[in-house]
Amino acid sequence: MLLLLTLGCVAPAAPIDPQPSVPLDTAEPESESAQDDGPLELEVPPAELTATEVASAISTLGSAGLPSPVEVQEVYLWRLDGRSGDCPQGSEANVTTPFGGCVAADGWIWSGIAEYAGEPPESPETPKSFALLGDLEVTSPEGDRLVLGGQISLELDADSDTWATDYAGTWSWSLADGWLGLAGASAVYSAAGSRQDGTTTLTLDGSFHDGSLSVRLDEVVVSSAVCGGEPVGRFELRDASGYWYVLDGQDCGCGPVGWADGTTLGEACVSLAAPLADLAQAMAGGL
Amino acid sequence: MIVLWLALACGTPAPQPGVSLAPDTGLVALPTSSDPDLVLLDPARLARRVSLDLRGVLPDVDELDVVAARTVSVETLSEAWLDDPRLEERLVRLLAERWHTRVEEFLVRYDEYPQLAGDPTWAYPFQRAVGEEPLRLMAHIVVEDRPWDDVVTTDHTMANGLLAELWPLDHPGGEDWAPSTYTDGRPAAGVLATNGLWWRYYTTLSNYNRGRVAAISRLLVCEDYAGRLVSLTESEALGEGDVEDALRESPTCMGCHSSLDPVAAALFGFWPANEYSIEELQTYHPDRESLGADLLGVEPAWYGDPIYGLNELGAHIARDPRFAPCAVESFSSLLWRRAPTLADRPVLDELESTFEGGERRVKPLLAAILQTDVYRAGAVSADASDERLQTEATLRLQSPDQLASSVAALTGFVWTWEGFDQLDNDVLGFRVLAGGVDGKSITRAQESPGMTWWLVVQRLAEAAAEHAVAQGGALVSGLDLAAPPSEADLERLFWWLTATELPAEHAVALMALWESVAADDGAERAWITVLSVLLRDPLFVTT
């Protein structure tokens with residue numbers, strides 16, 4: 001057979017990205033601004049909500065309760081009781097499955113991994129310190145889903161009557177009544193609390209998406225002894241445009257509501273005492 | 001003979017849209033180079049290069065005839081080909097060589113989706129659908145003749161039926177790629193709001209999107225952080241302190257992080273709490289947008305200009321004075337098949353004027369690039385320096401996707417195995433071996449022939465020739481496969497495949513080959529052999 005092609009030397013394959021594009025005309029601008037004609041100022045659309053509507057929307061955040069590490073711990077350990085044989089694999093409360101998942105004897109499908117550290121609590125009302133990292137989906141024969149996506153830790157210190165938690169990710173159980181049952185919900189927050197002389201306090205900082213609303217609680221402090229349990233701090237609500245409303249609730253959850261264009265829409269109050277108290281109580285139960 | 005161990009499949013060549021071959025006024029002038037170092041391709045060979053670059057297929061014989069006769073200019077054909085529907089697919093492949101999103105694996109696998117688990121034939125469609133999302137958005141914007149700015153500001157993406165089933169997308173239905181809208185509240189930011197881009201350029205929890213910023217800075221404004229000088233000695237000395245503090249306070253770190261971190265702060269809607277979790281990765285998290293400022297300790301900004309967040313990022317990028325030049329350099333580099341040099345500056349300036357004058361539409365830019373001497377060069381003159389000889393890509397290998405599409409149009413042959421396109425993947429295929437880019441370990445197309453490239457080309461040519469003869473592909477249309485080729489047959493085939501006249505000695509060799517094989521194995525096998533030789537001719541596999 002004719003070999004018509006003359007083989008030449010092969011250019012070595014580029015092991016790293018070779019397109020560091022030629023810095024021909026790409027030197028970083030000397031000025032602080034990357035723009036030719038000064039900073040670009042985009043027009044912020046007018047606010048669509050009133051101050052009261054903003055506060056009302058933020059207050060609905062806790063209508064199904066706030067995401068609690070205790071609930072995640074409870075549902076994960078409950079489901080772990082369904083482990084059978086090699087499905088899922090893993091020692092103690094850790095879980096590993098092959099890609100594509102596995103089917104346990106009870107018909108539940110396990111897919112992913114989870115790493116759990118800590119002792120199991122005797123009951124949900126008395127949680128114990130734990131840490132859980134999850135990339136796991138467990139599906140019942142009826143199609144009900146438990147999803148673990150993120151990491152959670154809870155540290156309880158009975159000596160000082162304090163606790164702290166970091167909650168991050170998408171955690172859901174489709175049959176749950178509270179936050180875990182909200183479709184598309186996720187949260188990233190840190191919180192710490194204490195119980196002293198019958199007074200429960202809680203500080204919280206983080207963001208919440210309940211499937212429709214996106215809310216930020218910024219350095220929020222709540223005490224069962226002041227403001228009727230209403231929180232003090234900054235409360236932010238995201239508009240569909242990508243801009244945010246800010247309620248500066250330094251007066252027991254009441255204060256001016258600002259919009260992204262710098263205007264103040266008026267004053268209003270959030271009402272989050274009940275869900276925040278529930279969250280604090282759930283953790284304090286383990287002290 | 002290599003053992004035939006690959007499963008072969010067939011496909012239907014894409015329809016050829018009509019291109020008017022009405023003659024231009026008068027005899028078309030031969031192109032001349034303003035660069036004394038470069039010798040330009042003749043019109044037929046140039047038309048062939050343009051057609052492969054814009055459509056992925058060869059010009060037909062009629063098109064070659066009119067440009068060779070100089071009754072129609074290559075520019076006239078190019079203008080028509082810029083409106084060819086196959087341009088969109090070609091742009092996807094071209095842009096992939098720079099954006100590197102058509103990788104073989106992401107942090108999420110197809111079989112982590114319950115709908116796809118258990119059926120390995122979803123592996124390839126899944127990988128490609130994810131990786132092509134941003135590429136198809138960019139290609140769609142180009143073929144719709146919209147400004148390139150839309151790439152970072154538009155409120156939609158492109159999705160096919162598979163992505164629409166898996167991700168929170170509003171898609172018009174069906175399996176085809178179509179403009180689609182995410183339903184999870186992500187802002188309008190073009191490719192910056194696509195899962196496909198951020199699945200390729202993922203972030204770890206502690207990296208806080210910084211790697212992503214390096215990627216978009218390189219891709220959109222040609223500012224490459226990896227090209228900056230870093231004092232490793234001083235960096236190592238920082239090991240004892242808090243890293244995040246050092247990034248904000250140490251001059252060694254601030255050189256990059258003072259501009260990088262504020263952009264990263266705008267991307268926290270895509271920051272996952274677990275970088276392997278489907279739920280975390282496929283959904284935008286609007287509530288996390290403001291976490292960036294807290295975690296990074298800086299307010300969002302684009303190279304010094306404050307921005308509110310991702311909803312304003314695209315507009316600031318589009319207004320960056322580096323954005324348009326970077327687009328010009330990027331497309332020039334892809335079509336020139338080499339990186340621009342300082343000597344190209346005047347040409348790039350002209351191209352940028354064209355780009356800006358055309359409201360930053362890419363089609364006029366492409367048309368202008370096709371007329372540059374560097375693009376049209378077929379050789380370097382004898383007087384040129386060695387450096388110039390090394391720089392210019394005057395003879396270019398067909399890329400794997402060009403080979404696949406041109407051979408499919410000629411023969412009907414599409415090379416697949418277990419659902420994987422053999423010239424388009426490396427899990428069960430030969431994309432890299434055929435000179436392609438995988439987007440991770442190989443980030444630049446192979447420039448010269450090599451042994452593995454040759455083996456792939458040989459196998460492709462053999463299988464395609466066999467398929468054409470058995471199934472009657474376009475290449476054999478009008479041929480009497482029971483008889484030896486006539487001289488006219490061979491001349492026509494060679495002209496079609498190479499845009500070059502068949503040398504007499506070459507014709508004699510092909511005829512002798514046909515007769516030799518026919519004597520042992522019959523006429524059909526002889527035709528297969530001759531066609532397979534033609535399909536691996538150096539003038540066919542190059543442009």
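Values as computed for the structure displayed
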read-out: Nearest-20 debye value, region B:440-543 charge dipole, Cβ charges on Lys, Arg, Asp, Glu; value: 660
read-out: Relative compactness, region B:144-254, computed as alpha-carbon Rg over 2.2 N^0.38 Å; value: 1.42
read-out: Potential extension, B:D155-B:E249 segment - 0.36 nm per residue separation minus Cα distance; value: 30.1 nm
read-out: Among beta bridges that DSSP assigns inside region A:103-178, antiparallel share in %, nearest 5; value: 100
read-out: Neighbouring partner chain Cβ atoms per residue of B:441-452, average, 10 Å criterion; value: 5
read-out: B:E487/B:K440 FRET efficiency (R0 60 Å; Cβ-Cβ; nearest 0.05); value: 0.75
read-out: Extension gain, A:T96 back to A:E267 (0.36 nm per residue minus Cα-Cα distance, nm); value: 56.4 nm
read-out: Structure-based [θ]222 nm, chain B - -39500 (n - 2.57) summed over DSSP H runs of at least 4, per residue, nearest 500; value: -14000 deg cm²/dmol
read-out: Using a Förster distance of 60 Å, the FRET efficiency for B:V61-B:D119 (Cβ separation, nearest 0.05); value: 0.90
read-out: Summed side-chain charge close to A:A57 - residues other than A:A57 whose Cβ falls under 14 Å, Lys, Arg +1, Asp, Glu -1; value: -4
read-out: Under 13 Å from the B:R388 label point (7 Å along Cα→beta-carbon), backbone N, region B:28-57; value: B:33-40
read-out: Mean separation of Cα contacts under 8 Å, 6 or more apart, over the residue count of region B:281-379: relative contact order %; value: 16
read-out: Farthest toward positive dipole pole in chain B [+1 Lys/Arg, -1 Asp/Glu at C-beta], among B:L205, B:Q446, B:P364; value: B:Q446
read-out: Paramagnetic label zone (point 7 Å from Cα along Cα-to-C-beta, B:E299; backbone N under 17 Å) in region B:241-264; value: B:258-264
read-out: On Cα atoms only, tilt of B:86-99 relative to the major axis of chain B in degrees; value: 50
read-out: Protection proxy ranking, peptides B:519-531, B:338-350, B:268-280, average beta carbon neighbours within 10 Å, highest first; value: B:268-280, B:519-531, B:338-350
read-out: For region B:288-422, size of Cβ-based charge dipole, Lys and Arg +1, Asp and Glu -1, in debye; value: 380
read-out: Angle in degrees between helix B:323-336 and the longest Cα principal axis of chain B, rounded to the nearest 10; value: 30
read-out: For peptides A:227-237, B:286-296, A:190-200, sequence by mean Cβ density within 10 Å, most packed first; value: B:286-296, A:227-237, A:190-200
read-out: Whole-Å distance, taken between Cα centres, linking region B:64-109 and region B:455-482; value: 24
read-out: Leading residue at positive end of dipole, the protein assembly as shown (Cβ point charges), from B:A465, B:L163, B:G196; value: B:A465
read-out: Over chain A: helical MRE at 222 nm, DSSP H runs n ≥ 4 each giving -39500 (n - 2.57), nearest 500; value: -3500 deg cm²/dmol
read-out: Shielding of B:282-295 by partner chains, average beta-carbon count, 10 Å; value: 6
read-out: Inter-chain Cβ neighbour average for residues B:268-278, partner chain, 10 Å; value: 6
read-out: Summed side-chain charge close to B:E350 - residues other than B:E350 whose Cβ falls under 12 Å, Lys, Arg +1, Asp, Glu -1; value: -4
read-out: Alpha-carbon centroid distance for the pair region A:48-104 / region B:125-162, whole angstrom; value: 34
read-out: Label-point gap, in nm, between A:E43 and A:A192 - each point 7 angstrom along Cα→Cβ; value: 4.7
read-out: Förster-model FRET efficiency, 22 Å R0, B:A512 and B:L455, C-beta, rounded to 0.05; value: 0.30
read-out: Total charge dipole magnitude, the protein assembly as shown, about the Cα centre, Cβ charges on Lys, Arg, Asp, Glu only, Debye to nearest 20; value: 2080
read-out: Relative contact order [Cα under 8 Å, 6+ residues apart], chain B, whole percent; value: 17
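Throughout, read-outs are computed from the coordinates displayed, never taken from laboratory work. No experiment lies behind these values; they were computed from the predicted model shown. Neighbour counts are summed over all protein chains in view; Cβ atoms, including those assigned to glycine, are modelled from backbone coordinates with ideal geometry.
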